[in-house]
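Step one of this worksheet: look at the structure below.
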Amino acid sequence: MRTLDEQETTAVFEKLFKFVGNNLKSIIDAPSHECLSFEPLGRYCFRLQKNRVYYAGESLVKRATNIPRDKIVALGTQIGKFTHGGNFHLTIQCLPVLAANAKHKVWLKSSSEMSFLYGNHVLKGGVGRMTEGIEAGDGVVVFSMTDVALGFGIAAKGTTECRKLDPNGIVVLHQGDIGEYLRTEDEL
Amino acid sequence: MVSLPTKKKNHKPAKFNKQKPVAKNPNAEKPITLKKDKKRKKKSEIFNVKRRKVADPEEESGELEEEVKDESEGSSGEEGEGVKLEGEEFDMSSGSDSDSDSDGGDDGDGDGDDGVDSDGDDPFGKDVFDGSDGEEGGSDLESGSGGELGSDSEMGSGGVLGSDSDDSDDEDLVKKSRALDREKKRVEKEADEELKLNIKEESDEFELPTKEELEEEGNRPPDLQHLQRRMKEIVRVLSNFKSLRQEGKTRKDYIQQLKIDLASYYGYNEFLIDTLVEMFPVAELMELIEAFEKPRPICLRTNTLMTRRRDLADVLLNRGVNLDPLSKWSKVGLVVYDSQVPIGATPEYMAGHYMLQSASSFLPVMALAPKEKENIVDMAAAPGGKTTYIAALMKNTGLIHANEMKAQRLHSLTANLARMGVTNTIVTNCDGKDLPKCLGLNSRDRVLLDAPCSGTGVISKDESVKTSKSLEEIQNCAFLQKQLILAAIDLVDATSSSGGYIVYSTCSMMVAENEAVVDYALKKRNVKVVPCGLDFGCKGFVNYREHQFHPSLEHCRRFYPHVHNMDGFFVAKLKKFSNEIPNSIPPEPAVKVALGTELKYNAHDDTEGKSENGNKDSEHAANTKSKQKPPNAKSKQQPANVKSKQQPAKPKFKPTDSRKRSPRKMYVSGNKNSRARGGKRNGQRERREVPSARIIAPAKGAGNKRKREEPNRKSKSKA
């Protein structure tokens, strides 16, 4: 387990920035409660283990250093994975972090919830409401009408363009959804 | 007159009929048995199926009809119909209902009939057949009486309508009623005789099958109904062994047959049935095995990090799930009766609002009772139900270390942790026995060990356990569990401000894996058993067959499917009260340790003194003797005797000197810590070293040998 180097850090932060924007600061600076009673509240760190980036409190990270590298499997919250080619993709495990700090949100109607959870893109007809100011290419977090985070994706169209779209037009390109916990548990 | 001939006729048929019933007795049972008690009915059915053909009951009812026809006069068609109706009703096997109906119907008719009716049914039912097998007789009586009543009522009504003079009718009625009374008495007697015969037959029925019968059975495909009946009979016999036993057969024989039948009926192997029979009384055993056949209800646990039970229940109810709160002992559990949507695939499940988990899995975590900001280890964490519960109880504060040895199960563990929004966990893939080395001794607040076990408590989930377990497997499991529990205990810090607890749980019912392991831990480490807070369970065994366990083991809790409606489970909570490991120090005062340098010298002096007298053997003997006696006693004894001799030698054994020159340092890694690791090494080496260190020792041969070995060990002592 090691810290991220410059390139990796920039890649991760760029991806996160798409979804949370300036709230990135609050993600990085958040105080961490995952510490013991005699320890002060720490901060969160990013660590890399086997091409996966984890977001965990200081206390956790400290104690994980004692464990042999090949034995550590996971730590705190997984943010994403680096591919073979060096690109960084966010994975669904980081949804709680994203959802808490999301800038752009889309709420789905109940009828199209299941479709999104199967991995399909969000169509105009399934959109209940969306935040203003979404541009094409922004990171969007998808919620259900009951404010349960369902996943995230990239906006294919901005808010204003969406209004003109026909009902079958794609609004959000699917990138990750909580259905993956059931569909592709082994690939997480 | 009608009356006289009837009397005579009554006599004749009575005599006639007395003979008939005797012959018919074996056959008389089926319609008789269609009476009140369904249990008795089954037994008689058993007899019927075994011994008789189906045609008999029909013959019997026909015979009844004949009897009644013989006795009563006139309107035989009606009577016959009445009787036939009665007979049919009996044959339809809703015996009690039909009887009551017919009797009720009869009661509705004339007064005279009422009197007869009231005599007819209950008194016979109760007086003669008190709780024994005589219901055949009772039913016989009732059928007879019912038949008579039916015919009587019809007769009565017919008489009222069609007779000429009241007087003659009254006489007829009186005489007929007398005839009926006599008939009843006769039938009673017959019923008594049949009773006795039946009792004999039934008790004969409980004969254990002979070898030939068993062989025959072996050749035929197993008759499940037959087996089931036999098992029930054996249980009945065993419950009242003195009165119902067959002569010449011991209790053991019955139990042996029961074991064989259980094994073949339910599909268990011999070993498992033997152990279950040893653990439970027979009636409870049947309940337990029946409970194993059915699945336990599906439970789910609300994830309190994300939602509340009430809200979750509302949402799920809207989706069409039929659920209820689990029990009063759980505030987060819900039990699912049925569901229109797949309960493991709802959006709420995917969002991590709940976890599908069996009710028994809540228990070890409830016993552990983790507090916020503690340092917890879960030694066998996959698939993560308990780990996520611990995290929820801790509200994502503190630190959890989830370990899982098998790599294939890690995926489900990490996925569940991520899904349920747990952020304070490190997941590792170590062997549980190595965890103290990995994580550090005496470093954690609480440890949960849900040990890998034989799984005999979850037979309802996995039927293969019935046939695949053997004594070896149980012993292997127990061995592994003992190692793991020691590792778990070594992880915990006894001086922790809020903790110092270990919870050991298995999903097995075997004593070898449960109480025996806890007892082993009590002997090997400074722990004690404390109440685990789960008062609704059964107490753990304090003794079991030849084993005697520590009495505190009654604080452990056992859970059974047939008592608690959850999987078989065992939970024990231990509190570590000292970080030291007892008995790791070998009982050699010389070598050992920590008691103080003076002791060492004294011990050395003692051995030295003895060695002057003798050989290596005596030295060794002296050493062993010194080892066996407690060091304190030694030190007290030695100074008086030995000091005087040893004064010249003392300077060599000054503390600082000995430490510098002590070969022990060389042999041992030089760490003071190594003592804590286990004194064996120290002890053995010191044993060797003592003779060699004694330069004065006359047994130079031994010393020389040792000294020859020394060059390997960088000896600093004079060779």
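Note the buried accessible area between A and B here, summed over both chains, with a 1.4 Å probe, in Å² to the nearest 100.
Using a 1.4 Å probe, the pair buries roughly 2700 Å².
For chain A, give the percent of accessible area contributed by carbon and sulfur heavy atoms, probe 1.4 Å, rounded to a whole number.
Answer for chain A is 51 percent, counting heavy atoms of protein chains only.
Given a 1.4 Å probe, show me the residues in region B:348-379 buried by at least 50 Å² of accessible surface when comparing the whole protein assembly to the chain alone.
Buried on complex formation: B:M350, B:K373.
Enumerate the whole-percent occupancy of each 10 Å bin, from 0 to the last occupied one, for all C-alpha pair distances of region B:356-491.
All Cα pairs considered, the percentages come to 12, 41, 36, 11, 1.
What's the long-distance tail for region A:1-152, i.e. % of Cα pairs beyond 19 Å?
Beyond 19 Å sits 58 percent of the P(r) for region A:1-152.
How much accessible surface does A:K15 have with a 1.4 Å probe, in Å² rounded to 10?
Solvent-accessible area, nearest 10 Å²: 50 Å².
Using the structure shown, list the pairs from A:K81/B:K573; B:K294/B:K371; A:K81/B:K406 with a Cα-Cα distance above 32 Å, or answer none.
With Cα atoms farther than 32 Å apart: A:K81/B:K573; B:K294/B:K371.
Decide, for region B:218-323, between rounded, prolate and oblate: order the square roots of the alpha carbon gyration tensor eigenvalues as a ≥ b ≥ c, take rounded if a/c falls under 1.5, and otherwise choose prolate if a/b is larger than b/c, else oblate.
Because a/c hits 1.5 or more and a/b exceeds b/c, region B:218-323 counts as prolate.
To the nearest 10 square angstrom, what accessible area does A:Y118 show with a 1.4 Å probe?
Surface accessible to solvent at A:Y118 totals approximately 150 Å².
Which log10 I(q)/I(0) values does region A:13-93 give at q = 0.11, 0.12, 0.25 Å⁻¹ under the Debye formula, counting every alpha carbon as one identical point scatterer?
Reported log10 I(q)/I(0), two decimals: -0.32, -0.38, -1.26.
How much net charge surrounds A:E135 when only other residues with a Cβ under 12 Å from its Cβ are counted (Lys, Arg +1; Asp, Glu -1)?
Counting the neighbours of A:E135, the net charge comes to 0.
How large is log10 of I(q)/I(0) for region B:307-404 at q = 0.16, 0.25 Å⁻¹ when the intensity is taken from the Debye formula with one equal scatterer per alpha-carbon?
With one equal scatterer per Cα and no solvent, log10 I(q)/I(0) is -0.72, -1.38.
How much length, in nm to one decimal, is gained on full extension between B:E472 and B:R182, taken as 0.36 nm per residue of separation minus their Cα-Cα distance? Don't skip to the end; give the middle numbers.
Working: separation 290, 0.36 × 290 = 104.40 nm, distance 7.11 nm.
That works out to 97.3 nm of additional length.
Take the Cα coordinates of region B:374-414, assign each an equal point scatterer, and use the Debye formula without solvent to give log10 I(q)/I(0) at q = 0.13, 0.15, 0.30 Å⁻¹.
Summing over Cα pairs of region B:374-414 leads to -0.24, -0.31, -1.01.
Return one whole number: the accessible area per residue of region B:175-272 in Å², for a 1.4 Å probe.
Numbers: 5750 Å² over 98 residues.
Result: 59 Å² per residue.
Per residue and in Å³, how big is the convex hull formed by the alpha-carbon atoms of region A:89-188?
84
Compute the FRET efficiency between A:Q7 and A:D186 as 1/(1 + (r/R0)^6), taking r as their Cβ-Cβ distance and R0 = 35 Å, and round to the nearest 0.05. Write out the running numbers ahead of the final one.
Values: r = 29 Å, r/R0 = 0.82.
E(calc), rounded to 0.05, equals 0.75.
Ignoring ligands and nucleic acids, what accessible area does B:E212 show with a 1.4 Å probe (Å², nearest 10)?
Spelled out: B:E212, probe radius 1.4 Å, area about 130 Å².
The values are calculated or read from the model by the stated rules, or taken from the named source; none is laboratory data. Every value quoted in this text rests on a predicted model; they were computed, and no experiment measured them. Please note: Cβ atoms are built from the backbone with ideal geometry, for glycine as well, and neighbour counts cover all protein chains shown. Just the protein is used for accessible areas: all its heavy atoms, side chains included, with ligands, DNA and RNA removed. Shrake-Rupley method; radii C 1.70, N 1.55, O 1.52, S 1.80 Å.
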